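The structure follows.
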Amino acid sequence: MRNVVYPLRVSEVISETKQAKTIRFDVPTELIDEFHWRPGQHITIELEANGEKLRRPFTISAAQGNGRSLQITVKPNPDGIVSKYLCSAVKAGHQLNVMPPFGGFTLVPRSDHQRTLYFFAGGSGITPAMAMIEAALEDEPRSKLYVLYANRSADGIIFKEHLEQLAERYPSQLEVRHILSKPSMWSMFSPWKSGRISKDVILEYLSECRPIAQDAQYFICGPDSMNNDVRGALQNCDVPADRIHAESFGGDTGAQTEVTSVPALLKLDYYGEAIELEVAEGQSIMNAVRAAGLEPPYSCQSGICGACKAQIKSGAVHMQARMALEDAEVAKGAILTCQSYATTPELSVSFR
Amino acid sequence: MSTHSNGMPVLPKEAYTSQEWFDREQALIFSKTWALAGFQEDITEPGQYISVQAGLNNIFIVMGRDHRLRAFHNICRHRGTQLLRAEGKTQKAITCPYHDWTYDLEGNLISVPEQEKEFPGIDLSCNGLKKASVDIWRGMLWVHPDENAPSIVNWFGDVEPYLAPYDPAGLIETEEGYSKHEIKANWKIIVENYIDGYHLAHLHSHTLNMYDHSKIECEFIGPHFAFWEPLADFYAAEVEKVTPMPLIPGIPKDRMGAWVPMLFPGIGLGESENSWSTFHITPVAPDRSIVEIRTRVANESTWAFTKAAMASASFWDKHLGTKYNGDPNVDPMSSGDFMLEDIYACEQQQKSLQSPYFEHGPSSKHGEKPVRDHQSVVAKWMESDQ
Ligand code: FES
Ligand code: FES
Ligand SMILES: [Fe+2]
């Protein structure tokens, strides 16, 4: 169940912008439960290229329910084989190998709550936000949603019309503002602001978009540089860290620190099975586990998606990147095995 | 004490007179429910704060630069000194007046004078302010002493459909609509008067006759009392022309009237076709309470108000009056002010509770059912002993 690939039929391919495409899937009745998703989750697409299996996670860009299908929205990444293939070659009727939804960056609507939900989206980072927005509008009707959406120019705005329609349909619940870093001079579209999201912009934004419901949550999904700017600006405005939820979309993951890892004896609790194996110096836990012939779940292999999450029970690791984990999870021992290198000669890790 | 067939009294006489009852109510009711802390517009700027009493707890609310409100128990973690007084504006930190311990707006203790010398090894992170809950509902600020209080939507959600169909946050407060009364009566007597449908046509025969008391719809929804009555026919017929103040938009023609709920504990609302007010009862002693009234009206120009008042003056001269024709300065029953009529009735009842000859009389089947129901709600909360 946990690491299974299903062939799904593509039902529709929609051009969102010049570059971005939405790919919709038919989920057969017997797989409905397996493919149940929460807003913010991803699916993994597996391709074979030159005899090699490539797996990449893509965020589901719609909320479940109300007749909506499972869909992802993809922008071709210059050095992403999978995303380029999805945007150029995939047509309705094709089959794709898909792994069931996963991921922890989710929003679970609470119908008997009122919250203020802030979304700071950049580029294709709108995809998880879109699913969360749809879900919250429908299932958390007392909450107010403020969306600040950053793009280079107006013609790159994914879901522009869809967002406009939602704002019209839910006028008291949803407010969308755009910020463009390089607005075209000939565009008719006038954004709320031009330029980058700076501290001052956030300060101004928060004073104009005030929380009525005092349980405010802040979701940031954009490229790393934007996420860092927004997070810093929010904290500068007294927003407590535990109310900020961020996920990285596009852009590089920042400078990797030199790993000082040690060879280690790894005691695994692999879904209830006790296994011992060796981890070499400079080898990630994930790679050591796979080298031993096991098939742990994984997807992005860059610390973003959280598919490879496990619990560390003893010993210690160094994580190169951990965007997919909240601080509270790390405190409780969660690790991303694709990013973890042993720093003690013995450690035990549990996959569940 | 005789008990009538209709179940009166639910609560004993002591519930209205004894200090012990009063103290238990403070602990079991007023310290365990959402308390009205003011209007949304009372705090609009980062750093601004107010402090309020919620049962046994003094709580302050402060706005951060994210414009989100935080609520904390107003007690210094050192020796318990009250940190902030009444209302005001602070910068980025809150400093205790006693020994200058300083907290940030998240309640974290950030500085202790002479820390190294006087508190070697102190862990500042264990001495943050105790959190409370705060939220905004219907344009009002609410606090709850418990950091993990059930959500305000949970608390008021069921009664919401029984309230006026407009958003009070869109109205503006008027100075003339403010008053504060110290009433020599137990808070429950004031509540009972507020929800007693039987007295409306009698005590207020000449002051509240613009509503049709024969068509009241009311019931308890959980601990909260919901109440609606339509405009009287003579008024409804030409309400647009003769309303003394501009009408509040959003009320369908066939629901024109007054929503007068009593939220638990002791927070009355008066939501009418042309004004919206809070009637906030704060118990101060077994036989004394403070009632604070704040009013909002439609967000219209002064001219619109003047025009409405002028256009309707002669109409209301004809229809309103006083119960008795005595001297309004001496006799509240001759004042033409329903509030004074009510206060008079409440204080007289409280006084009579002292008489050895006092005995509960029969309670009316319909009009006074809410009175009995409210006593049952109070009785239920008083049983819970956490
Ligand atoms: S595989 Fe995506 S975080 Fe490890
Ligand atoms: S009581 Fe507040 S600093 Fe001592
Ligand atoms: Fe009255």
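Each reported figure results from applying straightforward, stated rules to the coordinates on display, with no laboratory input. Just so it is clear, the structure is predicted and the values come from calculations on it, not from any experiment. Positions of Cβ are generated from backbone atoms using ideal geometry, with glycine treated the same way; all protein chains shown enter the neighbour counts.
With a cap of 10 neighbouring Cβ atoms within 10 Å, and only residues DSSP puts in a loop, list the trypsin sites (Lys or Arg not before Pro) found in the stretch A:1-103.
Counting only loop positions with at most 10 other Cβ atoms within 10 Å, the trypsin sites (Lys or Arg not before Pro) in the stretch A:1-103 are A:LYS18, A:LYS91.
Then there is this: DSSP loop (so not H, G, I, E, B), at most 14 other Cβ within 10 Å: list which trypsin sites (Lys or Arg not before Pro) in the stretch B:19-95 pass both filters.
Values: sites: B:ARG24, B:LYS32, B:ARG65, B:ARG68, B:ARG70, B:ARG77, B:ARG79, B:ARG85, B:LYS89, B:LYS92; in loops: B:LYS32, B:ARG65, B:ARG68, B:ARG77, B:ARG79, B:ARG85, B:LYS92.
Answer by residue number: B:ARG79, B:ARG85, B:LYS92.
Which trypsin sites (Lys or Arg not before Pro) in the stretch B:291-386 pass both tests, a DSSP loop state and at most 16 other beta-carbon atoms within 10 Å? Working shown, then result.
Working: sites: B:ARG294, B:ARG296, B:LYS307, B:LYS318, B:LYS323, B:LYS351, B:LYS365, B:ARG372, B:LYS380; in loops: B:LYS323, B:LYS365.
For trypsin sites (Lys or Arg not before Pro) across the stretch B:291-386 that sit outside H, G, I, E and B with at most 16 neighbouring Cβ atoms in 10 Å, the list reads B:LYS365.
What is the ratio of the Cα radius of gyration of the stretch B:35-148 to 2.2 N^0.38 Å, where N is its residue count, to two decimals? Show your work: numbers first, answer last.
Numbers: Rg = 14.1 Å, N = 114, 2.2 N^0.38 = 13.3 Å.
The value comes to 1.06.
Across the stretch B:139-194, what fraction of all alpha-carbon pairs, as a whole percent, falls in each successive 10 Å bin from zero upward?
Going from the shortest bin to the longest, the percentages are 15, 30, 46, 10.
Right, next: Rounded to whole Hz and in sequence order, give me ³J(HN,Hα) for the stretch A:309-320 from the Karplus expression 6.51 cos²θ - 1.76 cosθ + 1.60, θ = phi - 60°, writing x for Gly and Pro.
Using θ = phi - 60°, the values come out as 4, 8, 10, 9, 9, 8, x, 8, 10, 10, 9, 5 Hz.
Got a sec? How would B:LYS241, A:LYS160 order by Cβ neighbour count within 10 Å, fewest to most? Could the numbers behind the result be given before it?
Values: B:LYS241 10, A:LYS160 19.
Ascending number of Cβ neighbours within 10 Å: B:LYS241, A:LYS160.
Further question: For the stretch A:6-102, report the convex hull volume of the alpha-carbon atoms normalised per residue, in Å³, without decimals. Let's see the in-between values first.
On the way: hull volume 9.7 nm³, N = 97.
Enclosed volume per residue, from the Cα hull, is 100 Å³.
Determine, for B:TRP155, B:TRP137, B:TRP381, A:TRP186, the number of other Cβ atoms within 10 Å of each Cβ, and report the residues in order from fewest to most.
A:TRP186, B:TRP381, B:TRP155, B:TRP137
When the dipole is taken about the Cα centre of the stretch B:240-352, and only Lys, Arg (+1) and Asp, Glu (-1) are charged at their Cβ, what size is it in debye, to the nearest 20? List each step's numbers first, then the result.
Working: 10 positive and 14 negative charges, 58 e Å.
Dipole magnitude for the stretch B:240-352 comes out near 280 debye.
Give the distance, in whole Å, between the Cα centre of the stretch A:302-318 and the Cα centre of the stretch B:246-291.
Cα centroid to Cα centroid, the span is 56 Å.
Fewest Cβ neighbours within 10 Å first, please rank A:ASP26, B:ASP123, B:ASP373 accordingly.
On the way: A:ASP26 15, B:ASP123 8, B:ASP373 18.
Arranged by neighbour count, lowest to highest, A:ASP26, B:ASP123, B:ASP373 become B:ASP123, A:ASP26, B:ASP373.
Follow-up question, since we're still on this one. Short version: what are the Cα gyration tensor semi-axes of chain A, square root of 5 times each eigenvalue, largest first, in whole Å? Before the final figure, lay out the partial values.
On the way: eigenvalues 232, 121, 77 Å².
Values for chain A, descending: 34, 25, 20 Å.
Across 20 Å bins from the origin, how do the percents of Cα pairs in the protein assembly as shown run, short distances first?
14, 37, 31, 15, 2, 0
Further question: Over 30 Å between Cα atoms: which of A:LYS84/A:LYS332; A:LYS144/B:LYS307; A:LYS91/A:LYS193; B:LYS184/B:LYS253; B:LYS32/B:LYS369 fall into that group?
Values: A:LYS84/A:LYS332 38 Å; A:LYS144/B:LYS307 37 Å; A:LYS91/A:LYS193 37 Å; B:LYS184/B:LYS253 40 Å; B:LYS32/B:LYS369 26 Å.
Violating the 30 Å limit, Cα to Cα: A:LYS84/A:LYS332; A:LYS144/B:LYS307; A:LYS91/A:LYS193; B:LYS184/B:LYS253.
Count charges around A:LYS267 for me, please; just the other residues with Cβ under 12 Å from its Cβ, Lys/Arg as +1, Asp/Glu as -1.
-4
Under a Cβ-Cβ cut-off of 12 Å, what is the net charge of the residues other than A:PHE25 that fall near it, where Lys and Arg count +1 and Asp and Glu count -1? Walk me through the numbers before you get to the answer.
Numbers: positive: A:ARG9, A:ARG24, A:ARG68; negative: A:GLU12, A:ASP26.
Taking every Cβ under 12 Å from that of A:PHE25, the sum is +1.
What are the aspartates and glutamates whose alpha-carbon lies under 16 Å from the alpha-carbon of A:LYS182, with same-chain residues fewer than 8 places away excluded?
Counting by Cα, and skipping residues close in sequence, A:LYS182 has these aspartates and glutamates nearby: A:ASP155.
When Lys and Arg each count +1 and Asp and Glu each count -1, what net charge do the other residues less than 12 Å away from B:PHE279, Cβ to Cβ, add up to?
Here the charged neighbours net out to -1.
On a C-alpha basis, how far is the centre of the stretch A:178-236 from the centre of the stretch A:4-24 in Å? Whole number, if you could?
That distance is 29 Å.
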